[in-house]
1. For the stretch 33-44, give me the residue count where each residue is modelled with pLDDT of 95 or more and over 20 Å from the mean Cα position of the chain (by Cα).
2. So, in the stretch 90-107, how many residues would count as being out of contact with any Phe, Trp or Tyr (no Cβ under 6 Å at 6 or more places or on another chain) and more than 19 Å from residue 222 (Cβ to Cβ)?
3. Just give me the residues in the stretch 107-118 being at pLDDT 90 or above and not hydroxyl-bearing (Ser, Thr, Tyr), in sequence order.
4. Tell me yes or no: at least one residue of the stretch 54-62 is aromatic (Phe, Trp, Tyr), in a strand (DSSP E or B) and modelled with pLDDT of 95 or more.
5. Please enumerate the residues belonging to the stretch 80-98 that are more than 18 Å from residue 119 (Cβ to Cβ) and among the charged types (D, E, K, R).
6. Counting only residues that are over 20 Å from residue 86 (Cα atoms) and among the aliphatic types (A, V, I, L, M), which one in the stretch 164-210 is farthest from the chain's Cα centre (by Cα)?
7. Of all residues in the stretch 69-110, which are in contact with a Pro (Cβ under 8 Å, 6 or more places away or on another chain), in contact (Cβ under 8 Å) with a residue 40 or more places away in the chain and more than 18 Å from residue 231 (Cα to Cα)?
8. Restricting attention to the stretch 199-248, and to residues there that are among the small types (Gly, Ala, Ser) and assigned to a loop (DSSP other than H, G, I, E, B), which single residue is farthest from residue 92 (Cα to Cα)?
Amino acid sequence: MRRFLEGFLRRVRPLVAAACICLPATAPLWAAEPAAKSPNALIDGVLAAYGGKAALDKVKAYRMEGTVASVMRGSGALVRTFARPERLKITLDYPNHPEERVLDGGKGWRSDERGTMSPVDGFLLSSMVLQAARANLPWLLDERRATIRLLAAMDGGKLQGLEIPLGGGLALTVYADTATGRIVRSSGVLEVPGMKTNFATDYSDFRTVDGILFSFREANFASNQSTGDTVITRVVVNPPLKDADFRP
């Protein structure tokens, strides 16, 4: 797994350097506007767009099935199982290299080249915590409402940013479409010695399943460079799960 991370960083590092030459380090994705007065109205609008708080509260878990096209690994089948608030299992069937990631609260495991599951920490654990936080949208907005920081609006006020502290120095930033209430982007920064990298996901193709809105297409980026795309073909709300499903 260390070799995989080092290989990924070798691919990303020159792209990050090139991006830094072309853009200021703090360059926004859209033109910034003054922030709104309070995040609560925006959060309420997001929850309403995704099915309403009453319906969302009934969702304890969901499973997504689909395909992922990775710049580094090729294309393969994806199964993503999430149980609120911090349990996540991802199975990726890449050609000749299947991969599995499991997060149970503050503990994480990931398979190596031989398929052996091992505990992870540092960068790899943080990346899984961010993945779980993304999977916990929009519920996370309501759960962390008291600590969320409102960011500047973007694109003439069409997009509004919210920063969600996750603890341990991590934070997830989301951008919501102020007209529809849909979350169209999330991002988080991960740090390794000598470099910080912003990992972002753009959401589209929204569909309703059992009264809850889900994104069926995700575009993933590292420092504004594409790392792959995910297409969801099926979502199951509240599938039967056991504790063993989130163990290595």
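The values are calculated or read from the model by the stated rules, or taken from the named source; none is laboratory data. Please read all numbers here as calculations on a predicted model, not as lab measurements. Backbone-built Cβ (ideal geometry, glycine too); neighbour counts: all protein chains shown.
1. Total satisfying the criteria: 1.
2. Residues in the stretch 90-107 being out of contact with any Phe, Trp or Tyr (no Cβ under 6 Å at 6 or more places or on another chain) and more than 19 Å from residue 222 (Cβ to Cβ): 11 in total.
3. Residues satisfying the conditions are 107, 108, 109, 110, 117.
4. There is at least one residue in the stretch 54-62 that is aromatic (Phe, Trp, Tyr), in a strand (DSSP E or B) and modelled with pLDDT of 95 or more.
5. Across the stretch 80-98, the qualifying residues are 80, 84, 93.
6. Among those that are over 20 Å from residue 86 (Cα atoms) and among the aliphatic types (A, V, I, L, M), it is 179.
7. Of everything in the stretch 69-110, those that are in contact with a Pro (Cβ under 8 Å, 6 or more places away or on another chain), in contact (Cβ under 8 Å) with a residue 40 or more places away in the chain and more than 18 Å from residue 231 (Cα to Cα) turn out to be 102, 109.
8. 211
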